[in-house]
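Take a look at the structure set out below.
The values are calculated or read from the model by the stated rules, or taken from the named source; none is laboratory data. As the structure is a computational prediction, the values presented were derived from the model and not from experiment. Cβ placement follows ideal geometry from the backbone for every residue including glycine, while neighbour counts extend to all protein chains displayed. These accessible areas exclude ligands, DNA and RNA; they are computed on the full protein's heavy atoms, side chains included. Shrake-Rupley method; radii C 1.70, N 1.55, O 1.52, S 1.80 Å.
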Amino acid sequence: MPKRVDRAARREEILAAAVRVFARKGFAASRIDDVAAEAGIAKGSVYLYFDSRDALLSAAFESYAALSADVLADLGQGPALDRLATLVRRVVAMLAAHPDHARVLVDLWASGPPLDMAAVYHDYRAVIEDLLRQAGEEGALRAGIGPEHAVVVVAAIEGCLLQWLVDPKLPLAGLAGPVIDICVEGIRE
């Protein structure tokens with residue numbers, strides 16, 4: 001009797017292998033053969049789940065976008081700036097827990113990816129802008145803080161991420177505190 005394969009689990013194994021390969025070799029240099037070898041399966045088996053390398057990339061991006069959406073989904077209750085600090089901690093923790101996804105995204109940023117990174121950034125900025133608006137209504141912001149500061153918060157996190165990818169000795173997870181000190185506490189009234 002042939003061995004039954006859990007299709008959903010196999011798909012996730014292939015996708016995880018693809019992310020590792022794309023992170024290690026770069027998307028442009030990666031082949032389906034590389035993904036199959038990483039997953040320990042035949043090349044044809046990859047095609048049972050993904051019809052191309054671009055489909056693998058799209059699925060990897062979708063999984064990253066889902067992780068991002070989970071981070072933004074529920075920031076709890078309380079003052080807006082406390083929830084902003086929670087968001088910063090969660091984003092940094094997510095990035096630190098999924099370094100290969102981050103490496104793939106950085107690789108693709110340089111080559112003009114077929115991915116809608118603008119939408120991901122928009123979602124982050126929209127949540128941060130809303131938190132800043134709420135903090136202003138709560139009287140918790142110093143004068144002059146506006147929606148453009150959401151761009152700076154995202155940039156601070158991304159800047160830490162890029163430095164960590166270049167220099168893995170940096171403690172990315174430990175950088176949430178300094179980002180909060182500057183980007184949250186630094187705008188508090």
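For region 58-152, give the percent of accessible area contributed by carbon and sulfur heavy atoms, probe 1.4 Å, rounded to a whole number.
Its accessible area is 55 percent carbon and sulfur atoms.
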| said: For the chain, set up a GNM with springs between Cα atoms under 10 Å and report which of ASP82, ASP100, ASP33 has the largest fluctuation. | reply: ASP33
| Cβ-derived FRET efficiency at R0 41 Å, ARG4 paired with ALA155, nearest 0.05 | 0.30
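Efficiency by 1/(1 + (r/R0)^6): what FRET value for LYS169 and ALA119, r their Cβ-Cβ distance, R0 = 25 Å, to the nearest 0.05? Don't skip to the answer; put the middle values down first.
Working: r = 33 Å, r/R0 = 1.30.
Approximately 0.15, to the nearest 0.05.
How much length is gained if the chain between GLN77 and MET94 is pulled fully straight, taking 0.36 nm per residue apart and subtracting their Cα-Cα distance, in nm to one decimal? Intermediate values should be presented prior to the final figure.
Values: separation 17, 0.36 × 17 = 6.12 nm, distance 2.06 nm.
This chain segment gains 4.1 nm when fully extended.
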| Contour minus end-to-end for ALA16 and ASP70, with contour as 0.36 nm per residue of separation and end-to-end as the Cα-Cα distance? | 17.6 nm
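What dipole magnitude, in Debye to the nearest 20, does the chain give about its Cα centre under +1 on Lys/Arg Cβ and -1 on Asp/Glu Cβ?
Working: 20 positive and 26 negative charges, 164 e Å.
Dipole of the chain, to the nearest 20 debye: 780 debye.
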| query | Between ALA28 and GLU185, what length in nm is gained on full extension when 0.36 nm per residue of separation is reduced by their alpha carbon distance? | reply | 52.4 nm
| said: Tell me the per residue accessible area of the chain using a 1.4 Å probe; a whole number in Å² is fine. | reply: 52 Å²
| Positive-end residue of ALA102, TYR64, PHE22, charge dipole of the chain with Cβ unit charges | PHE22
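Would you calculate a helix-derived [θ] at 222 nm for the chain, using -39,500 (n - 2.57) for each DSSP H run of n ≥ 4 and dividing by the full residue count, to the nearest 500? Mind dumping the intermediate values first?
On the way: 9 runs with 131 residues, N = 189.
After summing the helix terms and dividing by residue count, I get -22500 deg cm²/dmol.
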